[in-house]
């Protein structure tokens, strides 16, 4: 798996844009499912995420699930929890906005970290093709 | 005994870039190559092997960062 570095871009005084990205091997998701089954799904994904990803069958689900794991990791790279902050994977959830675009819903410490960092909102893009899935997240915050 | 089981689980699931035999108990597993997804697999394997469940309050990087920290967490869970 390749991890991308979080870059901090200052667009104008008072507004900062932060970015996180991640790349996931889809086979790793499949292997985890095969090894750990439902336990893996329940610890990493919300029921809503699983329902959305599995709507077209199990084979099509792996790419979607992998993209969502990449999205969670991308957001994690923006939130930068310290080593002593508990942050369940399900506290970062990929949802669908009314437009159909992917969006992020945070809960628990994930929401607290975002609020503390002054993050107004996230923008998210997902993709999967062949062996890999990827996600890029942008967060806009007032400095 | 418990350390041996932890190391076996790390060997199978942590995807470390270094030889596990050379890994000190206090060594940082993330720096040794364990990715976030691999840490999920390690957690699930530990739960299955030791018949415990890591509560949300223990789902933090610090718990899974070394053999020492994993042992400490397991001892806490198995004491209850």
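None of the figures in this text is laboratory data; all of them are computed from the coordinates on show. Keep in mind the model is a prediction, meaning the values are calculated, not measured. Cβ sites come from the backbone with ideal geometry, for glycine too, and all protein chains shown count toward neighbours.
What to note about this one:
- FRET efficiency, 1/(1 + (r/R0)^6) with R0 22 Å, evaluated for residue A:48 and residue A:140 via beta carbons: 0.35
- Along each principal axis, Cα extent of chain A, largest first, Å: 48, 31, 30
- Expected 222 nm ellipticity per residue - DSSP helices of 4 or more, -39500 (n - 2.57), all of chain A, to 500: -12000 deg cm²/dmol
- One chain, two ends: residue A:84 and residue A:15. Fully extended at 0.36 nm per residue, the span grows by 22.0 nm beyond their Cα-Cα distance.
- Binned Cα-Cα distances of chain B, short to long, each 10 Å bin given as a whole percent: 19, 61, 19, 1
- The stretch A:67-84 versus the stretch B:1-68: alpha-carbon centroid distance in Å: 19
- Highest-first packing order for the peptide set A:82-94, A:18-30 is A:18-30, A:82-94, based on the mean count of other beta carbon atoms within 10 Å.
- Take each residue of peptide B:60-66, count the partner chain Cβ atoms within 10 Å of its Cβ, and average: the result is 4.
- Ranked by the mean number of other Cβ atoms within 10 Å of their residues, highest first, the peptides B:21-29, B:68-76 come out as B:68-76, B:21-29.
- Computed on the stretch B:1-71, with alpha-carbon pairs under 8 angstrom and 6+ residues apart, the relative contact order is 41 percent.
- Axis angle, to the nearest 10 degrees, between helix A:58-79 and the longest C-alpha principal axis of chain A: 20 degrees.
- Inter-chain Cβ neighbour average for residues A:72-80, partner chain, 10 Å: 1
- Taking all Cα pairs closer than 8 Å and separated by 6 or more residues, the relative contact order of the stretch A:31-120 comes to 24 percent.
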